[in-house]
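See structure below.
The values are calculated or read from the model by the stated rules, or taken from the named source; none is laboratory data. Please read all numbers here as calculations on a predicted model, not as lab measurements. Cβ atoms come from the backbone with ideal geometry, glycine included; neighbour counts cover every protein chain shown. The protein model used for the area step is the full one, side chains on, heavy atoms only, and it has no ligands, DNA or RNA in it. Shrake-Rupley method; radii C 1.70, N 1.55, O 1.52, S 1.80 Å.
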Amino acid sequence: MANKIQTLNDLSFSSDQQPVVFLRLDLNVPIKKGAISDETRIVAALPTIKWLLDKKAKIIACSHLGRPKGVGYEEEFSLAPVGVRLAELLNLEVVLAQDYVEDGFGKIVYDLKPNQIILLENLRFHKEEQAGNANFAQKLAKNAEFYVNDAFGTCHRADASMFAVPECFPLEKRAAGFLVAKEMQFLEEAFRAPKAPVTAIFGGSKVSDKIDILRKFTNIANNMIIGGAMAYTFLKYLGKNVGKSRVEEDKLNLVEEIFKAAEKRNVKIYLPEDHICGADFSENTIPVVVQSADIPEGLMGLDIGEKSAVTFGKIIESSNVVVWNGPMGVFEFESFSKGTKAVAQALAQCSGTTIVGGGDSAAAIVKFNLQDKVTHVSTGGGASMELLEGKELPGIKVLRKK
Ligand code: AMP
C-alpha cells in the first residue's frame, strides 16, 4: 500500500511570522436564488480553518462551486453567499477576491488583518482550473508558503488546485486538512492490516460499476455480502432463476473472476437467500415475498428478504471491520427499503470499525438516521469509491510522504 500522507501536524510554522496558507476547501454547497439550502460542507470546513487561525496563519481559502462555463464570472455560481455564511460562522471578515491571478492580489494578502481571511471567487470561473493548467497553478500558489487540502470530494479530480498548486510547494509544506486526513484514516489506513473478520458489503445497480472494488476486497475481506441488483447477476451465474430482475448477461465472466479470486483466499461470498419482488420497477408495484433464492417468471427482485437480512446482520455484527458500499435494494421506494435498513442497523449494532462508503449508502444511513452510530460515513462519492478501489487520487498522491 502507498505511503502515508502529510497532515497538519507535519507542518512547521515559525512562531514569529504569520504563515500564508493556500487552503483548498470543498464549499460546493447547493445555492438557490442566493440562499444556501445545505451548509454541511461549510460547517465541515471550520475545524481546519480554526486550527490554522490558531497558528496565526493568513488564509487564502478557495473552492469550486457548481459547473460554470469557465469563461469568467457568472452570478449563479458566485461564492459570495458562502463567504457571507463563513464570516458569520467564524465571526471574522471574509474578503472575497475576484482578481486573484492578477499581480495586485499580492498586496491584498500582504495587507490581510488577523480578523480577516481571503476567499477566492469560484476557481472554475477559470477554465485553467479543470484543465490542471500549471501556469494558472503557479499564479495561485505565488503568495503562499504552505498548501493545505481539505477538499476530499474533489481529490479524484486532476484540477489545478488539487495537484498542480501543491506541486509548487516543497513536500514538507503541503498537508491534508482534518477532513481529508479522516477520510484517509478510514478508507485507506483501516485496511492496511485489518483485524479479522473483515466484512465488505456491496450492493447497488451494477457489477460492472463495482468490479474494481469487488476485486480489491477479495484480497482484504473474509466475508463479502452481495445485495442490490448486483446480486442477480451473481445468482444467475450460479444457475438460479432470476425472473425479470436486472441482470448484466454480459458480465457473468466478471462474476466468475470474483468467485475464483474469493476461493483462492477462502473468502466467503454471501448472496440473498430470499427476496422482496415486484412485477415492475415502480414505487407502487405490490411487494411479493419470495422465500427461496429462485425468483418466479414475471417478478423482479427489488430488495433482499427477511432471512437474508438476518443472515447478513449476524455476519456484520460479529465483524471487526465492516465496509459498506451500495444499497441492498431499491431503498428509495418505501416497500423495498427494509433490507437496506436492516444492514444499516446491523452496522449500527456492530462494535467494530464500521465504514460507510459515499454516495447511496451514505444517503441511506442518513435516511435511517444512523449516521452517528457508525465509525465513519464518507463525504465523497467518486473520491471514496476510487480510494476503496485502491486507485491513487491526484489530490492525495501529491500529499504522500516519500
Ligand atoms: P449504485 O449507484 O451502483 O450504488 O446503485 C444504487 C442504485 O441501485 C439505487 O438507486 C437503487 O435503487 C438501485 N438498486 C438497488 N437494488 C436494486 C434492485 N434489486 N433492482 C434495481 N435497482 C436496484
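Find the centroid of the Cα atoms in the stretch 295-339 and in the stretch 161-180, then give the distance between the two in whole Å.
40
Scaled to the compact-protein estimate 2.2 N^0.38 Å, what is the alpha-carbon radius of gyration of the stretch 294-402, rounded to two decimal places?
Details: Rg = 15.8 Å, N = 109, 2.2 N^0.38 = 13.1 Å.
Rounded to two decimals, the normalised Rg is 1.21.
Once you place label points 7 Å from the Cα toward the Cβ at Asp111 and Lys55, how far apart are they in nm?
Here the answer is 2.7 nm between the modelled labels.
Along Cα→Cβ, 7 Å out, is where each label goes; now give me the distance between the ones at Ala363 and Thr40 in nm to one decimal.
Modelled inter-label distance: 1.1 nm.
How big is Rg to Rh over the stretch 188-388, alpha-carbon atoms, Rh as the Kirkwood inverse-mean-distance radius? Spell out each step's value before the answer.
Numbers: Rg = 15.5 Å, Rh = 16.5 Å.
A ratio of 0.94.
If packing is taken as the mean number of other Cβ atoms within 10 Å per residue, what is the order of 354-362, 209-217, 100-108, highest first?
Working: 354-362: 23.9, 209-217: 19.6, 100-108: 13.9.
Averaged packing, sorted descending, gives the order 354-362, 209-217, 100-108.
How do Lys56, Lys182 rank by accessible surface area computed with a 1.4 Å probe, from largest to smallest?
Details: Lys56 130, Lys182 90 Å².
Largest to smallest exposure gives the sequence Lys56, Lys182.
What 222 nm value per residue comes from the helices of the chain, counting each DSSP H run with n ≥ 4 as -39,500 (n - 2.57) and dividing by all residues, nearest 500 deg cm²/dmol? Could the numbers behind the result be given before it?
On the way: 14 runs with 131 residues, N = 402.
Mean residue ellipticity at 222 nm (helix-derived): -9500 deg cm²/dmol.
Specify the angular offset, from 0 to 90 degrees and rounded to the nearest 10, of the alpha carbon long axis of helix 207-218 from the longest principal axis of the alpha carbons in the chain.
90
Considering the options Ala193, Pro30, Thr233, tell which one lies farthest towards the positive end of the dipole of the chain, charges being +1 on Lys and Arg and -1 on Asp and Glu at the Cβ, about the Cα centre.
Ala193
Below 14 angstrom from the Cβ of Val43, what's the summed charge of the other residues (Lys, Arg +1; Asp, Glu -1)? The partial results should precede the final answer.
Details: positive: Arg41, Lys50, Arg85; negative: Asp26, Asp38, Glu39, Glu88, Asp150.
Charge balance in the 14 Å sphere: -2.
What angle, in degrees between 0 and 90 and rounded to the nearest 10, separates the Cα long axis of helix 40-54 from the longest principal axis of the Cα atoms of the chain?
Approximately 40 degrees, to the nearest ten.
What share of the DSSP beta bridges in the chain is antiparallel, in percent to the nearest 5?
Details: 11 of 51 bridges.
Bridges in the chain are about 20 percent antiparallel.
Ignoring ligands, DNA and RNA, what percent of the accessible area of the chain is carbon or sulfur (1.4 Å)? Before the final figure, lay out each step's value.
Values: 8670 of 17950 Å².
That fraction is 48 percent.
How big is the Kirkwood radius of the chain, worked out from every pair of different alpha carbons and given in Å to one decimal? All intermediate terms of the calculation are to be shown ahead of the outcome.
Numbers: mean 1/r = 0.0440 Å⁻¹.
Evaluated over the chain, this radius sits at 22.7 Å.
Restricting to the stretch 1-155, compute how many DSSP beta bridges are antiparallel as a %, nearest 5. Walk me through the intermediate numbers first.
Details: 3 of 20 bridges.
So the antiparallel bridges in the stretch 1-155 amount to around 15 percent.
Using a Gaussian network model on the chain with a 10 Å cutoff between Cα atoms, which of Ser335, Ser378, Ser14 fluctuates the most?
For the chain, modelled as a Gaussian network with Cα springs under 10 Å, the answer is Ser14.
Where the centre of each part is set by its Cα atoms, how far does the stretch 1-68 sit from the stretch 232-246, in angstrom?
Measuring centre to centre over Cα atoms gives 47 Å.
Against the longest principal axis of the chain, how steep is helix 80-90, in degrees 0 to 90 to the nearest 10, with axes from Cα atoms?
90
How far, in nm, would the chain grow between Ser12 and Lys32 when pulled straight, counting 0.36 nm per residue and subtracting the alpha carbon separation? Let's see the in-between values first.
Details: separation 20, 0.36 × 20 = 7.20 nm, distance 4.07 nm.
Gain in length upon complete extension: 3.1 nm.
For the residue pair Glu172 and Glu75, what label-to-label distance in nm results when each label sits 7 Å from Cα along the Cα-to-beta-carbon direction?
Distance between the two pseudo-spin positions: 5.0 nm.
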